[in-house]
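The values are calculated or read from the model by the stated rules, or taken from the named source; none is laboratory data. Keep in mind that this is a model prediction, so the values were computed, not measured. Reconstructed Cβ throughout: ideal geometry from the backbone, glycine too, with neighbour counts over all protein chains shown.
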Amino acid sequence: MKRNLRFRIMTLILVVFVPVSVSLITLSVTVLVRFAEQSEERALHELSLQMERLERDAAMVENYADEFTLRYLTEINDVGGLADPMTAYDMIGDLGRWYSHLELPGFVYLYDCGSGRTYVNYYGGALDVPERDRTKALVEKLAAEQEPMRFELRTVGGRDYICRTYVYRGCGIGFLTDAAECVYNALRESWDDRGSVYIRGARSVSALYGDGSAGSVSRDFDALTRDSIREESITWYSERTGLAVCIRYSRFNVMKTVPLIEWILLLLSLGCLALLPLIWKVLRIEMLEPVDRLTQALNRLRDGDEDYRINERSKRYSDEILMLFDSYDQSAGTRKRAHEREVQLVRTELDNLRLQVNPHMLLNSYNLIFALAQSKDYQRIQDYSYLLVKYFRYVLRKNDDFVPVSQEIEFIRNYVEIQSIRHPGAFHYTCKVQSPCERALIPPLLIENFVENSMKHALSPGKTVEILMDIKKEGDRMLIAVSDSGNGIAPEILDKLQKGEPYVDPAGNRHIGIWNSMRRVELFYGEKASFDIVSAPDQGTSMILKIPYREETL
């Protein structure tokens, strides 16, 4: 699993933040949809109750018809009709009083089969005088037809009525209830602010709008029952009369009745998702970018670029981030100064090493020259003196932190010739150097120290010691191996060297040659270098050093 901070934050957002927000939105939408469905169910239930109550009221006329039949049984069965007009007035009056108890808009009529006259009573104020005159003419025609019917929806005078007629031998009676007016009266108070009411009559569709106005519409009723994006509809059908009522209302009106807490939950969820880009931007500016810059700076510092500084003073970042940047700059400066002091310390140690080497070499050289002079071997004295000059010229050089491998190899050859003069036949030296490595840069006396250590500790009387030096390039690194066939390193000394500690012999003398080289490798290359020593008693020693390849630039 990646441990990158940016990846972890994105994972946190995608795995936790987004699913939680989407779940809350889904839950809120589900609740809203369910609320809308419940609202529609309640509306349909309310509409059904009101319309069924209306039908029950309209059906009450059957009770009045039965009472009328019992009271006027003789008159209605007289084949000659109603002989006395006053009787007709009494009969129509009784019908009207009974019908008025229902408080339904409409009228009743009485048709005298003998005289052919029609008597009409209007209730509910549904018609004005001209309309009543036109309606009366149509009712007279309807009454004259003398067609008995059950409840039926019929158009009379351009209006739809729920009709119930009775035909007797001497007369006929009818109850006509204004369907549209009844529906309007029943729904006016409860639906006038919710939407429009559409009523399908026998031949036309009439409407009652939310502002209280009414009128006929030319739209197909089935089309009105279908929902749209902005409106919903509920529809009630009467199996008894064929009357159909459709109420269309705005979805927004339904949404207004949703509890406030549901809206708050939905808005918060949508707000969280909408703010996600802004939250990511803030996180990127306030956290991820500073961390990236700080990480980049630390990587450059780890790679050895001690001069890099963030040096940020922009108000784009918070005070805490700027404080971290300043802390890094100060720490990098402190580290650079500490490193410079350590480098200077190592240089001082190198100078001390030179001072230690020089008297030792001089003393041995003087003794050898004295011995050669006694034997009058002037040629070897000349050769040896020239080699000493080259040796000390290289050792005493200053201000060079790095030298080409070719120069170090030349110096090692010079040193091997010196030792060959001092110890004839004691060493056999072989050097293998790949061509690109000759231009590589290394600290001075680094390889020479390994060779010198092999010659010093591998020297064995009467035995020729093989010394092999192999330098080659492996990718972006350079491998330096110095091996000898000497007596090997004692286990206690090898243990100290592998732990990075100088060896102190029982006499109290510190042997710091290899330890000093290891310190210099760590200082110049850090973790990019590796140093291994492989040795066993009577099996020789191999010192293997791997350092970054750094080529000399012209």
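With respect to the numbered conditions (1) modelled with pLDDT of 80 or more; (2) over 17 Å from Val521 (Cβ atoms); (3) surrounded by 19 or more Cβ atoms within 10 Å (Cβ to Cβ); (4) not basic (Lys, Arg), which one is the sole condition not fulfilled by Ile480?
Checking Ile480 against (1) modelled with pLDDT of 80 or more; (2) over 17 Å from Val521 (Cβ atoms); (3) surrounded by 19 or more Cβ atoms within 10 Å (Cβ to Cβ); (4) not basic (Lys, Arg), the one that fails is (2).
Residue check, Leu265 against (1) modelled with pLDDT of 75 or more; (2) part of a helix (DSSP H, G or I), all met but one. Which one?
Exception for Leu265: condition (1).
Can you pull out the strands (runs of 3 or more DSSP E) entirely within region 131-207 that have at least 2 residues that are at pLDDT below 80?
Per the criteria, 149-156, 159-167, 195-200.
Tell me which of these Arg117 doesn't satisfy, since it passes every other one: (1) basic (Lys, Arg); (2) surrounded by 13 or more Cβ atoms within 10 Å (Cβ to Cβ); (3) under 20 Å from Leu243 (Cα atoms).
(3)
Please work out which one of (1) surrounded by fewer than 17 Cβ atoms within 10 Å (Cβ to Cβ); (2) at pLDDT 80 or above; (3) of a type in the set (D, E, K, R) is the condition Glu408 fails and give its number.
The single condition Glu408 does not satisfy is (1).
Residue check: is Ala65 under 43 Å from the mean Cα position of the chain (by Cα) and in contact (Cβ under 8 Å) with a residue 24 or more places away in the chain?
no
Name the single residue, out of those in region 458-468 being surrounded by fewer than 20 Cβ atoms within 10 Å (Cβ to Cβ) and closer than 17 Å to Ala481 by Cβ, that is nearest to the chain's Cα centre (by Cα).
Applying the filter and picking the extreme gives Leu468.
Against the definition (of a type in the set (Gly, Ala, Ser), more than 60 Å from the chain's Cα centre (by Cα), farther than 30 Å from Arg251 by Cβ and at pLDDT 80 or above), how does Gly124 come out, yes or no?
No: the conditions fail for Gly124.
Within region 306-324, can you find the residues that are surrounded by 12 or more Cβ atoms within 10 Å (Cβ to Cβ) and within 30 Å of Leu523 (Cβ to Cβ)?
Listed by number, the residues that qualify are Glu306, Tyr308, Arg309, Ile310, Leu324.
Take region 519-547 and flag every residue that is assigned to a loop (DSSP other than H, G, I, E, B) and surrounded by 15 or more Cβ atoms within 10 Å (Cβ to Cβ).
Those that are assigned to a loop (DSSP other than H, G, I, E, B) and surrounded by 15 or more Cβ atoms within 10 Å (Cβ to Cβ): Ala529, Gly540.
Specify the residue that is farthest from the chain's Cα centre (by Cα); the eligible residues are those in region 369-417 that are assigned to a loop (DSSP other than H, G, I, E, B) and on the phi < 0 side of the Ramachandran plot.
Across region 369-417, the extreme among qualifying residues is Ser375.
Polar (S, T, N, Q) and touching a Ser or Thr at 6+ places or on another chain (Cβ under 6 Å) - does that describe any residue in region 479-493?
Within region 479-493 (the criterion being polar (S, T, N, Q) and touching a Ser or Thr at 6+ places or on another chain (Cβ under 6 Å)), the answer is yes, since at least one residue qualifies.
Determine whether Tyr317 is outside any helix (DSSP H, G or I) and either in the same structural domain as Leu523 (by TED's automatic domain parsing) or at pLDDT 75 or above (or both).
no
Have a look at Asn449, Asn516 and point out the one that is within 30 Å of Asp305 (Cβ to Cβ), in contact with a Ser or Thr (Cβ under 9 Å, 6 or more places away or on another chain) and at pLDDT below 85.
Sole residue among the options that is within 30 Å of Asp305 (Cβ to Cβ), in contact with a Ser or Thr (Cβ under 9 Å, 6 or more places away or on another chain) and at pLDDT below 85: Asn449.
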